[in-house]
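Reviewing the structure listed below.
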Number of protein chains: 2
Amino acid sequence: MAFLKDIAAAAGVSIRTVSRVLKQSGYVNEATRTKVMAAAKQLDYRPSLAARALKTGKSFEVTAIIGSVDELHMEKIAGLEQALRAAGYSVHIFFSTTPADRQDAGDVLDAVLQRQPAAIIIFPNSLLPVKKVKARLAETNTPYVFLDTGHAGTNTVNIDRQQGVYEAVKYLAAHGRRHIAYMGSPNNNTRLAGYERAIKELCREPIILATAGNTQQDQYEVGRKNIETFLAANPRPDAVQVFSDVMAMGFLAALHEHGIAVPDDVAVVGFDNRRVAALAWPRLTTVMQPNRELGTVAAEILLSKIAGRKPPADDWYRILSTKLVQRDSA
Amino acid sequence: MAFLKDIAAAAGVSIRTVSRVLKQSGYVNEATRTKVMAAAKQLDYRPSLAARALKTGKSFEVTAIIGSVDELHMEKIAGLEQALRAAGYSVHIFFSTTPADRQDAGDVLDAVLQRQPAAIIIFPNSLLPVKKVKARLAETNTPYVFLDTGHAGTNTVNIDRQQGVYEAVKYLAAHGRRHIAYMGSPNNNTRLAGYERAIKELCREPIILATAGNTQQDQYEVGRKNIETFLAANPRPDAVQVFSDVMAMGFLAALHEHGIAVPDDVAVVGFDNRRVAALAWPRLTTVMQPNRELGTVAAEILLSKIAGRKPPADDWYRILSTKLVQRDSA
DNA sequence: TTGTAAGCGTTATCAA
DNA sequence: TTGATAACGCTTACAA
């Protein structure tokens, strides 16, 4: 490890001059500059991030507070890390998935703030009370962004799920499907709204496939059990937009068991584009969430905030588009 | 933010005494101790990790170098983070998935070492030349551990895939299957060895289902195409142990298309216990890898190394057991 | 049992 | 255009 003083010695100048050259601040004689640069390169100088953090009170680390162990998050993290690393930042991860996680860490947020991260990114369902977090973060003046909270708000990157479902339903209609149903909780939610908007535009009757009180159940089981409401529906749907890929897999299993052909008898469209969608039988047409992009956009916002840029008109709110992935099930 | 000096002032003692109390080192008068503790708590003191890192040359951060964006890694990371956090460490992640990643970071390892991590954990397929890494790491005296390298070696936590396949094949035999085949590359690999060991013990003939030169192809496609070797096999297998869940999904799709019933006509066992296994149709019996445990065991090793403990007899080599997850396909 | 003081490697103020 | 030098907050040898 080479330090500033080593370079200074090697180049025959003072530490301050070396620093000046390396940080490109202030006037430096071209000759000295070259000399210093050469020495730095020669000694393979890498600044001590710890010293820098101590001195400036800011680290080059961004902390991601993750709310669940989910394959989709992995992509978000990858996007985030890639974009952040390009700007010289590294990513810290911190799980907050169970109530115990919060206890262990005392207050999760305080544990995170102790490391003086340059910024914080909060993943969905992190068990953190949003309001309190925002207040605390504002107080410590730490840039932050929320990911995929599901409802509009400042300092957030969301996914336009409504539009995703809307487009999928339009696609089904354009491919000759007459009775397009939606499977999922009938309670207020964004995806249902997208379905309803599309159905209305198509001047058709909505068909909601749902079993009572299935909110907290396993999605796969819900999809599987919903075969009954499907079979009972009159007219019987020839297409179903399902809440999620996982629920769609349950529904698919039930359809197979009943000898109902997909997509010939019913078209099925999922949501999420999980790995499973490409592996299902038949391969599942689904709505892709821009997970990687979610990460990179979050990184951009964070970097802008760190750089002290003024909030744009939307006050750091972004909503990203989904995309229909056509496969064999619809 | 409260600092040592604030506590010292509040308690009317010197910084040194505060430090002594907080670190529980050396003799401290009980009354002073109480006074200091109270002040620390009152001011919600949290040590500056940056200052500590600068002073000691060691951070409380462990860097994980990740080789691919894979759902299974997410679990490993979760296990790692949980165990490490309990010991006061936090986890840094660093992707090294593409050749570009290496270039961007100059030398990945140097970029990582610059942050003076307390330890490093290297995930499978991280594009890093193992020997060079070990040398560099030994040189900088940084504790490290490799994850799931696939071959025995020191400072490594592996998964006993051979045993996993062995047990699955035995399970199939115990459930009355006569002609148990293995699907996957016929080239030397651990899983195949497990299959061969079991078949030998059962005094049966091995049946290897493979298409030529499929090494680099998409596993799903390989499984799908392998239906041909399956149909051509004589006798036709009534059970197949497939290389991976993904490959099994391809095979399953082909079986469905040929109207071959699972598990009635053929039992199918996958490997990995990915999320997809529980969602497949039929639900896939498969061999579970102890991903979370892999993370926690790696954390234990790292913590031992950090604590300066002497290497045990196995020189930090651990191999973890898999577990058969029975579902509907076998 | 407690305190003084010297660093860790960087940044940045102030002179020269 | 350059150089002393004082922090940043913590750890720790050495004194008292």
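The values are calculated or read from the model by the stated rules, or taken from the named source; none is laboratory data. Fair warning: this is a prediction, and the values are worked out from it, not measured in the lab. Ideal geometry is used to build each Cβ from the backbone, glycine not excepted, and the neighbour counts take in all protein chains shown. Just the protein is used for accessible areas: all its heavy atoms, side chains included, with ligands, DNA and RNA removed. Shrake-Rupley method; radii C 1.70, N 1.55, O 1.52, S 1.80 Å.
Odds and ends about this structure:
- Peptide B:52-59 has a mean shielding of 4, counted as Cβ atoms of other protein chains within 10 Å of each residue's Cβ.
- Exercise: per-residue mean of other protein chain Cβ atoms within 10 Å, A:273-284: 6
- Using a probe of 1.4 angstrom and keeping all protein chains present, the accessible surface of chain B works out to 45 square angstrom per residue.
- Taking the label point 7 Å along Cα→Cβ, residue B:200 and its counterparts in the other copies are spaced 7.0 nm apart, in ascending order.
- The Rg/Rh ratio for region A:1-151 is 1.12, where Rg is the radius of gyration of the alpha carbons and Rh is the Kirkwood radius.
- Under 5 Å between amide hydrogens, built in the peptide plane, is the criterion, and for residue B:183 it picks out B:209, B:241, B:242, B:243 among residues at least 5 positions away or on other chains.
- With its label point defined 7 Å out from Cα along the Cα-to-Cβ axis, residue B:260 lies at 2.8 nm from the matching points of the other copies, in increasing order.
- Whole-Hz ³J(HN,Hα) from phi, Karplus 6.51 cos²θ - 1.76 cosθ + 1.60, for region B:150-159, glycine and proline x: x, 10, 4, x, 6, 6, 9, 10, 10, 10
- Assuming charge only on the beta carbon of Lys and Arg (+1) and of Asp and Glu (-1), the dipole of region B:161-288 about its Cα centre is about 280 debye to the nearest 20.
- Full extension of the chain between residue A:110 and residue A:1 gives 36.0 nm of extra length, using 0.36 nm per residue less the Cα-Cα distance.
- Phi angles across region A:117-124 convert, under the Karplus curve 6.51 cos²θ - 1.76 cosθ + 1.60 with θ = phi - 60°, into 3J(HN,Hα) values of x, 5, 6, 10, 10, 10, 6, x Hz, Gly and Pro given as x.
- Accessible area that becomes buried as A packs against B, both chains, 1.4 Å probe, Å², nearest 100: 4800
- Note on chain B: with charges restricted to the Cβ of Lys and Arg (+1) and Asp and Glu (-1), its dipole about the Cα centre is near 1640 debye.
- Closest-to-axis residue of chain B (Cβ criterion, axis taking B to A), whole Å: B:71, 2
- Close amide H pairs (under 5 Å, H built 1.01 Å from N) link residue A:319 with A:158, residues at least 5 positions away or on another chain.
- Relative contact order for region B:143-246, counting Cα pairs under 8 Å that sit 6 or more residues apart, in percent: 30
- When B:131, B:58 are compared by accessible area at a 1.4 angstrom probe, the order from most to least is B:131, B:58.
- Against the criterion of solvent-accessible heavy-atom surface with a 1.4 angstrom probe, A:73, A:258 sort, most first, into A:258, A:73.
- Placing +1 on the Cβ of every Lys and Arg and -1 on the Cβ of every Asp and Glu, with nothing else charged, gives the protein assembly as shown a dipole about its Cα centre of roughly 2960 debye.
- Positive end of the dipole of chain A (Cβ unit charges, origin at the Cα centre): among A:207, A:159, A:287, the Cα lying farthest that way belongs to A:159.
- Spread of Cα-to-Cα distances over 20 Å intervals beginning at zero, given as percent, for chain A: 27, 42, 22, 9, 0
- Positive-end residue, region B:4-46 charge dipole about Cα centroid, Cβ charges, pick of B:19, B:37, B:8: B:19
- Convex hull of Cα atoms in region B:4-46, direction-averaged projection (nm²): 2.5
- Report summary: the helix-based calculation at 222 nm, which adds -39500 (n - 2.57) for every DSSP H run with n ≥ 4 and divides by the residues of chain B, gives -13500 deg cm²/dmol.
- Here the 3J(HN,Hα) profile of region B:246-254, calculated from phi with Karplus coefficients 6.51, -1.76 and 1.60 at θ = phi - 60°, is 5, 5, 4, 5, x, 5, 4, 4, 5 Hz, Gly and Pro shown as x.
- Across identical copies of the chain, residue B:26 has label-point separations of 3.7 nm, listed in ascending order, with the point defined 7 angstrom from Cα along Cα→Cβ.
- With each label modelled as a point 7 angstrom along the Cα→C-beta vector, the residue A:221-residue A:203 pair spans 4.4 nm.
- Among the listed pairs A:305/B:58; A:23/A:58; A:23/A:305; A:58/A:305; A:5/A:35, those beyond 19 Å (Cα-Cα): A:305/B:58; A:23/A:305
- Accessible area (Å², 1.4 Å probe, nearest 10) - residue B:68: 40
- Cα extents of the protein assembly as shown along the three principal axes, largest first (Å): 79, 66, 62
- With every protein chain in place and a 1.4 angstrom probe, the accessible-area ranking of A:167, B:81, largest first, reads A:167, B:81.
- Note on chain A: dipole from Cβ charges, positive end direction compared against A:186, A:241, A:146; the farthest Cα belongs to A:146.
- Dividing the mean sequence gap of close Cα pairs (under 8 Å, 6+ apart) by how many residues region B:4-46 holds gives a relative contact order of 42 percent.
- Residues with amide H under 5 Å from that of residue B:267, placed H, sequence gap 5 or more: B:239, B:240
- Accessible-area composition of region A:161-288, carbon plus sulfur, in percent [1.4 Å probe]: 47
- Taking all Cα-Cα distances within region A:161-288, those exceeding 27 Å account for 6%.
- Average beta carbon contacts from partner chains per residue of B:88-99, 10 Å cutoff: 4
- Taking all protein chains as shown and a probe of 1.4 angstrom, residue A:281 keeps an accessible surface of around 80 Å².
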